[in-house]
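Asks: One structure follows; several queries about it will come next.
The values are calculated or read from the model by the stated rules, or taken from the named source; none is laboratory data. Remember, predicted model here, so these are calculated numbers, not experimental data. Positions of Cβ are generated from backbone atoms using ideal geometry, with glycine treated the same way; all protein chains shown enter the neighbour counts.
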DNA sequence: CCAAAAGTGTTCATCGTACACCCATGT
DNA sequence: ACATGGGTGTACGATGAACACTTTTGG
């Protein structure tokens, strides 16, 4: 504690800055990727579209802040989230010097707390129809999409955007949405199933077709085992 | 300006934090990767090994700060540098709450200003013999190496670590150092030359062999042209 | 019975990988 | 002449890419 004090002394001559944390929250619904955006009802830039973000508190880590913000908006806790980038242009926020750390999250859109979202003036917007955003938030979204496209090829993160049980046509549709590209059904299924990470269930989804499509679920445990032995997830786009 | 004032008012209730910026500086010499580390002669952790870093100033962007720090230590300006990660654990710096943004740099080790390095108590240390580092700096180094390994496969950044003129054996030796792996000479050369990015010079390097090895240089211009047409650098390890 | 989506295999080209010998030259 | 590092080509297996028809069933 004495040491802590002395360090405070040492650092005392230096500036402190505002740090914010912004979240890019992806969902998948109706065959397309969506982002959770808020219509700000507070200054600055009141009434404009924005990512959800808040200022960092002295007593929480970056990860904790990211999960706090996500939780407050969606009621979700166990969610895939990953640090994206730190945005530090001097004038990025016209109001004051604020450095923003961005995180991106992939959530199962079915699970979020719609009431909370509503209370926060937030809305799901299709990625193809994102309105202009405040500050450098559009850049953040671009970077997040780029990152998602990179990661979804080599990590099994796509499943985070789907319910625990999903069909192969749904999964393919998700990948097609991520990469804005139609994929060959046979090659996609062969590729996906050949990794041995999906378990076929004895149950069919019958909303989208008369024949019905079998449900599958991702085997997290098996993925960990294989990874420990040098296996790499890889889906060819 | 009136607006700026009003925004300051709005943000006024929020905390400011210390933000530091740390640089992981890679060089390549004597067949191995090296890092530029400082032996701190200031508190806290005086006498211990550390990355070079400083506190962020209110009036510079993250990139500007990174280049400032690198310049002050090495005298180098036009250098490959890229943001790595932001480290935000509450207790990462035992002295005070400091968030650190890390950048990693690849420099041609021949070009640095040895006197400046000396004045800053900095030393080149082989990656294989990195001493324990202060705070979470060892984590930063690990992350930087991981990133370098990812990037050197798909971007022509290896050349940043070499002089403008280099031989294929030197280039191969660099890749072998990056990946801690011996590579097949024929496959490496075939792969590298097939991209058409290297220009063979009429000059030989004769320090390392009697026969001498031809110098090559990287054609940045051609890389840009090809990239614009959808080409991707790719070297198989 | 028919429309609509689910499911299934094979062929070909490309790319990655393994591998061994000759060349040039300084001593 | 020889030791040392530089330079070169080929064959095989694995992987990615293209491609069309059958199955199921609700209406």
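Asks: Please find, within region B:185-218, the residue that is farthest from the other protein chains (Cβ to nearest Cβ) out of those that are exposed (fewer than 12 other Cβ atoms within 10 Å of the Cβ) and within 8 Å of DNA strand D (Cβ to nearest atom).
Replies: This residue is B:210.
Asks: Continuing with the same structure: If you scan region B:21-59, which residues turn out to be without any contact (Cβ under 8 Å) to a residue 12 or more places away in the chain and under 23 Å from residue B:95 (Cβ atoms)?
Replies: The answer is B:42, B:43, B:46, B:47, B:57, B:58.
Asks: Here are the criteria: (1) part of a helix (DSSP H, G or I); (2) free of Cβ contacts under 8 Å to residues at least 60 places away in the same chain; (3) surrounded by 18 or more Cβ atoms within 10 Å (Cβ to Cβ); (4) more than 16 Å from DNA strand C (Cβ to nearest atom). Tell me which single one residue B:227 does not satisfy.
Replies: It fails just one condition, (3).
Asks: Continuing with this model, one more query. State all residues of region B:179-214 that are in a strand (DSSP E or B) and either near DNA strand C (Cβ under 10 Å from one of its atoms) or under 24 Å from the mean Cα position of the chain (by Cα) (or both); if no residue qualifies, say none.
Replies: Of everything in region B:179-214, those that are in a strand (DSSP E or B) and either near DNA strand C (Cβ under 10 Å from one of its atoms) or under 24 Å from the mean Cα position of the chain (by Cα) (or both) turn out to be B:198, B:204.
Asks: Considering B:169, B:164, which residue is surrounded by fewer than 18 Cβ atoms within 10 Å (Cβ to Cβ), free of Cβ contacts under 8 Å to residues at least 60 places away in the same chain, closer than 25 Å to residue B:112 by Cα and more than 10 Å from DNA strand D (Cβ to nearest atom)?
Replies: Answer to the check: B:164.
Asks: Restricting the search to region A:63-87, which residues are over 19 Å from residue A:157 (Cα atoms), touching a strand residue (DSSP E or B) at 6+ places or on another chain (Cβ under 6 Å) and at the interface with chain B (Cβ under 10 Å from one of its Cβ atoms)?
Replies: Within region A:63-87, A:65, A:86, A:87 qualify.
Asks: Just need a number here: residues in region A:83-92 that are in contact (Cβ under 8 Å) with a residue 40 or more places away in the chain and within 21 Å of the chain's Cα centre (by Cα).
Replies: 3
Asks: Output yes when any residue across region B:134-141 is without any contact (Cβ under 8 Å) to a residue 24 or more places away in the chain and farther than 30 Å from residue A:58 by Cα, and no when none is.
Replies: no
Asks: When you check residue B:13 against the structure, is it within 12 Å of chain A (Cβ to nearest Cβ) and touching a helix residue (DSSP H, G or I) at 6+ places or on another chain (Cβ under 9 Å), yes or no?
Replies: Against the criterion (within 12 Å of chain A (Cβ to nearest Cβ) and touching a helix residue (DSSP H, G or I) at 6+ places or on another chain (Cβ under 9 Å)), residue B:13 does not qualify.
Asks: Among the residues of region A:36-52, how many are more than 12 Å from chain B (Cβ to nearest Cβ) and either assigned to a loop (DSSP other than H, G, I, E, B) or over 30 Å from residue A:207 (Cα atoms) (or both)?
Replies: So the answer is 9.
Asks: Among (1) in contact with a strand residue (DSSP E or B) (Cβ under 9 Å, 6 or more places away or on another chain); (2) more than 9 Å from DNA strand D (Cβ to nearest atom), there is one condition residue B:234 misses while meeting the rest; what is its number?
Replies: Here residue B:234 clears every test but (1).
Asks: Mind checking which strands (runs of 3 or more DSSP E) fall wholly inside region A:93-175 and carry at least 3 residues that are more than 13 Å from the chain's Cα centre (by Cα) and away from chain B (no Cβ under 14 Å)?
Replies: The strands (runs of 3 or more DSSP E) meeting that bar are A:122-126, A:165-167.
Asks: Residue B:33 - would you say it is at pLDDT 95 or above, more than 17 Å from residue A:56 (Cα to Cα), within 12 Å of chain A (Cβ to nearest Cβ) and surrounded by 14 or more Cβ atoms within 10 Å (Cβ to Cβ)?
Replies: No; evaluated as a whole, the condition is false for this residue.
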